[in-house]
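Report on the following structure.
The values are calculated or read from the model by the stated rules, or taken from the named source; none is laboratory data. Predicted model only: the values in this text are computed from it and were never measured. Note that we place each Cβ from the backbone using ideal geometry, even for glycine, and neighbour counts take in every protein chain shown.
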Amino acid sequence: MSRVDTWVFALTEVSRERVPIVIPVSKPSEGAAGKTGLWRVFKPIINKDKCTKCFMCWLVCPEEAIKEGRDGFPEIDYTYCKGCGVCSNNCPVGAISMVEEEESG
């Protein structure tokens, strides 16, 4: 499962012609400027026993910090995770818990 870099939408004009509109989706930048996880206070932890691999967490993550791991489960890139909790709040089965950064080791 890979993220689409560009979303293409069709807009119907008054003339009923389909006009494509291309909207770029930004990806995390390289280097220290793009590492949004440096100031995180809470960290999401995925319980693979509860996870159903629906990837709702991936869909709602504002930082694109969730990828598909080698085992097929969501995997969090903590370099870019800012600990906002959106993934945890939107997980339909409660498989993601937020813990304090120091507790997670």
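Worth a mention:
- Inclusion of GLY72 among residues that are on the phi > 0 side of the Ramachandran plot, surrounded by fewer than 16 Cβ atoms within 10 Å (Cβ to Cβ) and touching a strand residue (DSSP E or B) at 6+ places or on another chain (Cβ under 6 Å) is not warranted.
- Answer from LYS43, LYS35, LYS50 - the residue that is at negative phi, basic (Lys, Arg), at pLDDT 90 or above and surrounded by fewer than 18 Cβ atoms within 10 Å (Cβ to Cβ): LYS50
- Extreme residue, farthest from the chain's Cα centre (by Cα), among residues of the range 86-100 that are part of a strand (DSSP E or B) and modelled with pLDDT of 95 or more: VAL99
- Selection status of GLU13, exposed (fewer than 11 other Cβ atoms within 10 Å of the Cβ), of a type in the set (D, E, K, R) and at pLDDT below 95: yes
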